[in-house]
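The structure under discussion appears below in the form of structure tokens.
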Amino acid sequence: MERKVVITGCGIWSCLGTTLEEVRQSLYDGRSGIQFSQERKDAGFRSALCAAVPPVDLKPYVNRNFRQFMPEEAQYAYMATRDALASARLEQDYIDQHEVGIIYGNDSVAEATMRSLDKFRQFGSTAACGSGAIFQSMNSTVTMNLACLFHLKGINLTASAACASGSHAIGLAALLIRTGMQDCVVCGGAQEANMYGVASFDGIQSFALRDEDPTRASRPFDRDRNGLVPGGGAATLILESYESAVRRGAPILAEVVAWGISGNGDHISTPNVAGPARSLELCLEQSGLQVKDIGYVNAHATSTRIGDAREAQAIAQVFGDYRVPVTSTKGQTGHEMWMAGASEIIYSMLMMKNDFIAGSLNFENPDDETACVNVVPETRAAHFDTFLSNSFGFGGTNSTLIIRNI
């Protein structure tokens, strides 16, 4: 028999806050985490906007020998995971005696790789890279570091699937728990917030041009959108079988009802409608729910002209006459990339648990292609027990999750 998969803990390190309460308040207030970066402008960026992600001080928590293995995104992930484990009441004694796994989304370690290779070129010796460089520069750096720091002995896997990485990590964890291969998995997504990780992204003119007005730059679904704003941080969720959570006396926050996946099989960067629509359809089929059972859709919408339009059309195709409330939290956070699929589950859960929908910041007017969906422009009181969250990535990778309140 398939087992029920539940969420028992959450933790986040975001431009909206570093505690769940801070993030909840930011969502409710419509606070933007976007800033202008003089460093990026001076370095030659076309767009100097980015999310203001707080730096991490690991010294109180991680010894110096281990810190040398941890690049920026692993530091964010450590702090998010520390809080998630605490909120799930998952003590180290329990972890030491059980096979708790980890699946985390990450798809770049640009700064750490660049710095180690710069030292190699500067000094003409590979020894100059440093003993921690290899562990910092691998895509699996987050899972290898967290698995060792928290002594996780279950599955140890990194999901690298562009901007759907965090969502796929949750879906894979849920699949393993549902089928009985794991009882408990730490999962989520992390994104480096430095400028080096997104320099080539700026180079293809994908970023918003509103340096004079940073908080109004990320405009999902809006007629006047002209690009995304890069973000970063980390978000962690603790997934367990219902039976495991009950045995532990853990807080049961929500259920992972279904996971839908698809590939566009098309252009490497330009999305189509059919791929995302199929991801939504498969997720709904897996869930056994009807479209009217979904109380809210957290859209992937990154504030790009084509991406937002194609997703709007996919949502409209799947939901038909039902005008489900839709927002994109990226109006506040920018695009958190490899982290987004996980952080947006937490953002949506905070709304669901507190009876509101955070307005899609900076949405003022739809265009002809986005008018087909019911975008909520301002925060409003709303009770819903089930939501759907989309995450789509380069290469045409699509992931959709349905979460239900418990």
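The values are calculated or read from the model by the stated rules, or taken from the named source; none is laboratory data. Remember, predicted model here, so these are calculated numbers, not experimental data. As a convention, Cβ positions derive from the backbone with ideal geometry for all residues, glycine included, and neighbour counts pool all protein chains shown.
Observations on the structure shown:
- For first residues located in segment 84-106 and assigned by TED's automatic domain parsing to the domain that holds Ala164 and under 26 Å from Ser165 (Cα atoms), partners that are outside any helix (DSSP H, G or I) and among the aromatic types (Phe, Trp, Tyr) and lie 6+ apart or on another chain with Cβ distances below 9 Å form the pairs Leu85/Phe150; Ile95/Phe150; Val100/Phe150; Ile102/Phe150.
- Within segment 123-143, one or more residues are under 15 Å from Ala235 (Cβ atoms) and under 19 Å from the mean Cα position of the chain (by Cα).
- Qualifying positions in segment 244-273 - farther than 30 Å from Leu85 by Cα and either polar (S, T, N, Q) or more than 20 Å from the chain's Cα centre (by Cα) (or both): Ser262, Asn264, Gly265, Asp266, His267, Ile268, Ser269, Thr270, Asn272, Val273
- Search result, residues across segment 393-406 that are in a strand (DSSP E or B) and either of a type in the set (Phe, Trp, Tyr) or more than 21 Å from Gly17 (Cβ to Cβ) (or both): Gly393, Thr397, Asn398, Ser399, Thr400, Leu401, Ile402, Arg404, Asn405
- Number of residues in segment 178-193 that are surrounded by 20 or more Cβ atoms within 10 Å (Cβ to Cβ) and in contact with an Asp or Glu (Cβ under 9 Å, 6 or more places away or on another chain): the value is 9.
- Single match in Ala51, Ala74 (criterion: closer than 30 Å to Gly359 by Cα, crowded, with 24+ Cβ neighbours inside 10 Å and assigned by TED's automatic domain parsing to the domain that holds Cys184): Ala51
- Test result for Ile315, of a type outside the set (Asp, Glu), outside the structural domain of Pro220 (by TED's automatic domain parsing), in contact with a Leu (Cβ under 6 Å, 6 or more places away or on another chain) and buried (at least 16 other Cβ atoms within 10 Å of the Cβ): no
- From the options Gly171, Gly130, residue that is at pLDDT below 95 and not assigned by TED's automatic domain parsing to the domain that holds Trp338: Gly130
- Within segment 242-278, restricting attention to residues that are farther than 24 Å from Glu369 by Cα and among the acidic types (Asp, Glu), the residue that is surrounded by the most Cβ atoms within 10 Å (Cβ to Cβ) is Glu255.
- Taking residues in segment 293-321 that are basic (Lys, Arg), and partners anywhere that are part of a helix (DSSP H, G or I) and crowded, with 24+ Cβ neighbours inside 10 Å, the pairs with Cβ atoms closer than 8 Å and at least 6 places apart or on different chains are Arg310/Pro276.
- Some residue of segment 109-125 being crowded, with 20+ Cβ neighbours inside 10 Å, hydrophobic (A, V, I, L, M, F, W, C) and not in a helix (DSSP H, G or I): yes
- Restricting segment 349-377 to residues that are loosely packed, with under 15 Cβ neighbours inside 10 Å and over 22 Å from the mean Cα position of the chain (by Cα), the residue that is farthest from Arg404 (Cα to Cα): Asp368
- As for segment 286-295, it holds no residue that is surrounded by 22 or more Cβ atoms within 10 Å (Cβ to Cβ) and touching a Cys at 6+ places or on another chain (Cβ under 7 Å).
- Residues within segment 150-177 that are buried (at least 19 other Cβ atoms within 10 Å of the Cβ) and in a helix (DSSP H, G or I), tallied: 12
- Residue in segment 356-379 that is touching a strand residue (DSSP E or B) at 6+ places or on another chain (Cβ under 6 Å) and closer than 17 Å to Gly260 by Cβ present: no
- All positions within segment 217-250 that are charged (D, E, K, R), over 13 Å from Ala88 (Cβ atoms) and touching an Asp or Glu at 6+ places or on another chain (Cβ under 7 Å): Asp222, Arg223, Arg225
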